[in-house]
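Accompanying notes for the structure given below.
The values are calculated or read from the model by the stated rules, or taken from the named source; none is laboratory data. All values reported here derive from a predicted model rather than from experimental measurement. Because the Cβ atoms are built from the backbone with ideal geometry, glycine has one as well, and the counts that use them run over all protein chains shown. Calculation scope for accessible area: heavy atoms of the full protein, side chains included, ligands and nucleic acids excluded. Shrake-Rupley method; radii C 1.70, N 1.55, O 1.52, S 1.80 Å.
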Amino acid sequence: GGAVAAFEAAIAARLGKERAVLFPTGTMANLIAMDRLAPPVPGRGRGRIVVHEASHFANDMGDNLAPLGGFTLAPVAGQDGGPGYTAAALEAQIARAASARVATRIAAVTVETPSRRLANRRFGPARMAEVTAAARDAGLPLFLDGARMLMEAAWTGEDPAAIAAPFDLVYLSLYKFMDAPFG
C-alpha cells in the first residue's frame, strides 16, 4: 500500500503493463518471473529457458534457477559476438529440445537489453522483433531482462513502453544507475 503501491502503479503505467511488483533483489524478481512464465508441467518438469550466452541469467545469478526453480538454461550464441541472437538460433533450440533422445521443451524465452557483459550494447530492434515473433509463433512466453532498459531508452529516445511491449514480463532494476538501494 501507500507509496510502494503508488510507485508500482507509476512504473506499470510507464512500461505499458497491467501491474508492477517491487522486489528487494533482481535475482528474486527474475526467479519469480520465471516461475510465473514457465510453471511445471506434470511429468515434464519446468522445461528450458532460452538465454543469450553472455546474459545476466547465464552468468551472474549463481545458477540459482536450477536449484531454486528447477529450470535448465538453454544458452544461445550471440550473432557477430553481439548481445542479440537470431530467430533461427531460437528455432534451433526449440527443435533440439523436442528432438533429443529424452525430449524436453522450451518453456520461456529471455532477452536482455542492453547487455552489461557486452559493454551495454543493445539487442537490436529488428532482431528483437524477429525473435519475439518466432517465440510468439511457437507459443512461448517472453521475458525482458531490462535492468538497464531506462539507459537504453535515454540513449535512443525510444519510449520504455515500446521496448517493453512485446514481452509478457519485464524486469527493471532500480539500482542500475538510479541509485536506489534495492529493487
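With a sphere of radius 11 Å drawn around the Cβ of Ala20, what net charge do the other residues whose Cβ falls strictly inside it have (Lys, Arg +1; Asp, Glu -1)? Could the numbers behind the result be given before it?
Numbers: positive: Arg14, Lys17, Arg19; negative: Glu8, Glu18.
In short, +1.
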| Between Ala103 and Asn64, what is the label-to-label distance in nm when each label sits 7 Å out along the Cα-to-Cβ direction? | 3.4
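Over the chain, give the accessible area per residue in Å² for a 1.4 Å probe, as an integer.
Numbers: 8910 Å² over 183 residues.
In whole numbers, the chain has 49 Å² accessible per residue.
With r defined as the distance between the Cβ atoms of Tyr175 and Thr72 and R0 fixed at 25 Å, what FRET efficiency is calculated, to the nearest 0.05? Each step should come with its number before you reach the end.
Numbers: r = 28 Å, r/R0 = 1.14.
Computed FRET efficiency for Tyr175 and Thr72: 0.30.
I need the peptides 4-13, 73-82 ranked by packing, meaning the mean over residues of other C-beta atoms within 10 angstrom, with the highest value on top. Can you show the working numbers first?
Details: 4-13: 12.9, 73-82: 16.0.
Going by the mean number of other Cβ atoms within 10 Å, highest first, we get 73-82, 4-13.
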| request: Per residue, how big is the convex hull around the C-alpha atoms of the range 1-126? Give it to me in cubic angstrom, could you? | output: 138
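Between the DSSP loop rule and a limit of at most 11 other Cβ atoms within 10 Å, which trypsin sites (Lys or Arg not before Pro) in the range 1-42 are left? List each step's numbers first, then the result.
On the way: sites: Arg14, Lys17, Arg19, Arg36; in loops: Lys17, Arg19.
Sparse-neighbourhood loop trypsin sites (Lys or Arg not before Pro): Arg19.
Using +1 on the beta carbon of Lys and Arg, -1 on that of Asp and Glu, and nothing else charged, what's the dipole of the chain about the Cα centre, debye to 20? Numbers along the way, then the final one.
Values: 18 positive and 17 negative charges, 82 e Å.
Computed about the Cα centre, the dipole is about 400 debye.
Counting residues in the range 38-108 as N, plug N into 2.2 N^0.38 Å and put the Cα Rg over that result.
On the way: Rg = 12.4 Å, N = 71, 2.2 N^0.38 = 11.1 Å.
After normalising by residue count via 2.2 N^0.38 Å, the value is 1.12.
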| message | Leaving out ligands, DNA and RNA, and with a 1.4 Å probe, what % of the accessible surface on the range 1-141 is carbon or sulfur? | response | 56
| task | With all distinct Cα pairs included, what does the Kirkwood hydrodynamic radius of the range 23-71 come out to in Å, to one decimal, could you say? | result | 11.3
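Is it possible to state the helix-based mean residue ellipticity at 222 nm for the chain, with each DSSP H run of 4+ residues giving -39500 (n - 2.57), the sum divided by total residues, to the nearest 500 deg cm²/dmol? What is it? It would help to have the intermediate numbers written out before the result.
Values: 8 runs with 74 residues, N = 183.
Using -39500 (n - 2.57) per qualifying helix, the result is -11500 deg cm²/dmol.
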